[in-house]
Amino acid sequence: MSGKILWIDDEVDLLKPHIVFLENKGYRVTPVNNVNEALELMDTEKFALTLLDENMPGISGLEAIPMIKEKDSSLKIVMVTKSEEEHIMEEAIGSQISDYILKPVNPNQILLSLKKNLQEDDLVEQKTIQSYQQEFRNLSMELSYLRTYDEWAEHYKKILNWEIKFDKVSDSEFGELLQAQKEEANIQFSKFIEKNYEEWLHGNDKPMMSHTLFKDKVKSEVKSDKVLLLMIDNLRYDQWKVIEPLFTKFYNKVSEDYYYSILPTATQYARNSFFAGLLPSEIEKRFPEKWFNDNEEGNKNEYERDFLEDQMKRLGLSDKSMKYLKVLNADFERKVLDDFNQHKNNDLLVIVYNFIDILSHAKTDNHIIDQLIRDDKTFRSLTYNWFENSSLLKIIKAAAENKFRLVITTDHGTIYVKKPSRVVGDRETSTNIRYKTGRSLTYEESDVWAVSNPEKLFLPKGNLSSKYIFAKNNMFLAYPKNYNHYVNYYKDTYQHGGISLEECIVPISILEPK
């Protein structure tokens, strides 16, 4: 049975042919000719949806909406009206109706509304599964033919688009199949990075990367417009696609692109590289007093403003005024909103927003957050809920009102790690879970990309014999000492610094005020 329908219309006797049509389609329809009778009926019967005539003697349809909602707040209401007056439409929609139908109605028009409101989830799920079954073979075959960084980015975006679609599917079997496809893609992607990464850094044929992104995408925007650059730390491409509609309430998207985060895909390296327009060893050489290696004490992202000012001078943007703000907590976020008028005249307003990075690390240390974020689906959902209720959206609205062009990007992504890989190092070895740098590293060669000559990747060396290893796919690096405790602590958490589609291929989007 498709659902019980309550039809309220003072001329309901004339609707018998429509009711018969719906009953033949599997719906049970209870007709009543006034609101009072309908409200009494709701005391004893449960309905899935009510068709409500807008223009009735006595209690009108608009007046009935709050009465019906008080009886059953979950009941879907479809308004049936012959009026096309805008204020009536607005009042009905503002009263949280699910749909409205204009008279004269026909049976198929009603059927379409019922399907949309009562069966949409089931229909979407069936269509998603059917479409994925058709696409499964194509995705698998395509994996064998990926050769360029563009092809890899497009393949990854196809996978994450399916992931987002599967967020609305209750059947976990196909979601698990998609995850297996993504894991296989990550295995092949690691091989692709090993083969091509060094050449990108030394040649001309390379994707946009952390150290070229500001020059390639942001410079031209700053030259011609007032720009708000929003750097959301640790934002994955799938998370951006989920929260994008929140930003497009105030902005129209001009362009969306991807870029490749440098290795390690960690804030200390990737974000400093973005702001400096230089690779890590180049930053160390240019700013020896402002670069701290993994084994050195000091705030490793303390000088981002200095790096950006230096890059702007090199790019001929020294005449542009710039304000840099780093939001690490909700209190300062509100302060930025309250003080927005003090920043609105800058040519470039930079906001580094650390919420997602804080959230992903909190899953490791906080039991409640760990329970809230159980997988990528719940991570996307929590990300959306946070942004929807954040002061940041009010800042974005204020920026749009003040005609700021909006550039949204990130420094790197993050991956849900599942498989431990043993690694041994001395006390100088870095502590990151997805990459290690140090002198005496012992590791499982198949699980990592080992780089014995870091200078070829423009990476600083803590000492002459330092090397780097980068975890592949969903591996995380675990020490043999207290191994079981270490594995249990970090398994099924979000980490970054290694090689995966999620960490390496990240978004940059440019938007203009509506």
Report task. Between beta-carbons, use under 12 Å as the cut-off and find the net charge around Asp225, counting Lys and Arg +1, Asp and Glu -1. Result -> +3
Requested in this report: Take the cross-link list Lys168/Lys491; Lys249/Lys377; Lys215/Lys313; Lys157/Lys241; Lys219/Lys514; Lys168/Lys363 and give me the ones stretching past 20 Å between alpha-carbons.
Outcome: Lys168/Lys491; Lys249/Lys377; Lys219/Lys514; Lys168/Lys363
Report summary line: Here, segment 416-498 modelled as identical Cα point scatterers in vacuum has Debye log10 I(q)/I(0) at q = 0.13, 0.17, 0.25 Å⁻¹ of -0.37, -0.62, -1.23
Requested in this report: Would you compute the Debye intensity of segment 6-73 from its alpha-carbon atoms alone, equal scatterers and no solvent, and pass along log10 I(q)/I(0) at q = 0.17, 0.23 Å⁻¹ to two decimals?
Outcome: -0.58, -1.02
Query raised in the report: To the nearest 0.05, what FRET efficiency results for Asp167 and Tyr490 with a Förster distance of 25 Å applied to their C-beta separation?
Result: 0.50
Report summary line: In cubic angstrom per residue, the convex hull of the chain built on its Cα atoms measures 185
Query raised in the report: Just how many % of Cα pairs in segment 362-514 lie over 22 Å apart, if you round to the nearest whole percent?
Result: 53
Report task. Just subtract the alpha-carbon distance of Asp13 and Arg147 from 0.36 nm times their residue separation and send over the number in nm, one decimal. Result -> 41.5 nm
Report summary line: extent check for segment 3-118: Cα max minus min per principal axis, descending, whole Å, gives 35, 31, 25
**Report entry** Estimated dipole of the chain in Debye, rounded to 20 [Cβ of Lys and Arg +1, of Asp and Glu -1, Cα centre]
**Finding:** 1760
Query raised in the report: What translational D, rounded to a whole number of µm²/s, comes out for segment 254-320 from Stokes-Einstein when the hydrodynamic radius is the Kirkwood one over Cα pairs, at 4 °C and 1.567 mPa s?
Result: 102
**Report entry** Mean projection area, nm², convex hull over Cα of segment 122-202
**Finding:** 5.4
Report task. Answer with one residue from Leu178, Phe189, Trp200: the one whose Cα lies farthest towards the positive end of the charge dipole of segment 122-202, charges on Cβ with Lys, Arg +1 and Asp, Glu -1. Result -> Trp200
Report summary line: segment 416-498: relative contact order from alpha carbon pairs under 8 Å, six or more residues apart, as a whole percent, is 43
Query raised in the report: Assuming R0 = 25 Å, what is the FRET efficiency of Asn345 and Val254, from their Cβ-Cβ distance, to the nearest 0.05?
Result: 0.65
Query raised in the report: Running Debye on segment 201-265 with equal point scatterers at the Cα sites and no solvent, what base-10 log of I(q)/I(0) appears at q = 0.18, 0.24 Å⁻¹?
Result: -0.87, -1.34
Query raised in the report: How about segment 167-209: which trypsin sites (Lys or Arg not before Pro) there lie in a loop by DSSP and see at most 13 other Cβ atoms within 10 Å?
Result: Lys168
Query - Within segment 470-505: backbone nitrogen closer than 16 Å to the Ser446 label point (7 Å, Cα to C-beta) - result: 472-476
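Any read-out appearing in this document is the output of simple, stated calculations on the displayed coordinates, not a laboratory observation. A quick note: this is a predicted structure, and the numbers were derived from the prediction, not measured. Reconstructed Cβ throughout: ideal geometry from the backbone, glycine too, with neighbour counts over all protein chains shown.
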